[in-house]
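A.B. asks: One structure, pasted below without further comment.
The values are calculated or read from the model by the stated rules, or taken from the named source; none is laboratory data. Remember, it's a predicted structure, so these values are computed and weren't measured experimentally. Please note: Cβ atoms are built from the backbone with ideal geometry, for glycine as well, and neighbour counts cover all protein chains shown.
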Amino acid sequence: MNGSVLIFIHLGSRKAYASPATYSPHEGWVVQQGRNARMWLEDEGLDARYLVLDRDTKFSAHFRESWKPDARCLRTPPRAPTANAYAESFIGTLKHECLNHFVCFSPQQLDRIVSLWLAHYNSVRPHQGKGIGNNVLDADFRPQAEGEVRCKRQLGGIIAHYYREAA
């Protein structure tokens, strides 16, 4: 069985949120993940004016209504995967950079892998795009001339970033 994770991306900030994994993504689960995503947006101080959805039946009228009046739900045209290019690109990146290197045996294992990768993605991975300029999303760019350079590796080295240890 394959586990499923629902991803939400805030396009203005490029920050992403992932739901807990499940083996059975049904309408009620999707509605709850929408609530969780709205709480995440609030915690991050982000607003959502639009929510772009594909035509999966799990994105029911109840799910779309739950986003009102905060966000307007826009559905992509039928059989048009490029209509939501940011989501498709993000999912491809998550698979290519992380998930393709693992075989997950439980939803908890998938949750752990995705949460570690998302923490890396949202805080230390450089991002390209308009207004981002190959910088990390949450960074302290103050120069640090002292301290030894260290490498932090996670997920068996799949995730790695360098930092300067405080002197």
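A.B. asks: Out of the stretch 139-162, which residues are surrounded by 10 or more Cβ atoms within 10 Å (Cβ to Cβ) and either touching a helix residue (DSSP H, G or I) at 6+ places or on another chain (Cβ under 6 Å) or modelled with pLDDT of 75 or more (or both)?
C.D. replies: Matches in the stretch 139-162: 147, 150, 152, 153, 154, 155, 158, 159, 160, 161.
Residue-wise test of (1) within 16 Å of residue 11 (Cβ to Cβ); (2) touching a residue at least 12 places away in the same chain (Cβ under 8 Å).
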{"residue": "75", "(1), (2)": "no, yes"}
{"residue": "78", "(1), (2)": "no, yes"}
{"residue": "85", "(1), (2)": "yes, no"}
{"residue": "96", "(1), (2)": "no, no"}
{"residue": "101", "(1), (2)": "no, yes"}
{"residue": "109", "(1), (2)": "no, no"}
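A.B. asks: What single numbered condition from (1) in contact (Cβ under 8 Å) with a residue 24 or more places away in the chain; (2) out of contact with any Leu (no Cβ under 6 Å at 6 or more places or on another chain) fails to hold for residue 67?
C.D. replies: Result: residue 67 fails condition (2) only.
Conditions tested, residue by residue: (1) touching a residue at least 40 places away in the same chain (Cβ under 8 Å); (2) touching a helix residue (DSSP H, G or I) at 6+ places or on another chain (Cβ under 9 Å); (3) under 25 Å from residue 82 (Cα atoms).
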{"position": "22", "(1), (2), (3)": "yes, yes, no"}
{"position": "26", "(1), (2), (3)": "no, no, yes"}
{"position": "40", "(1), (2), (3)": "no, no, no"}
{"position": "43", "(1), (2), (3)": "no, no, no"}
{"position": "50", "(1), (2), (3)": "no, no, yes"}
{"position": "57", "(1), (2), (3)": "no, yes, yes"}
{"position": "60", "(1), (2), (3)": "no, yes, yes"}
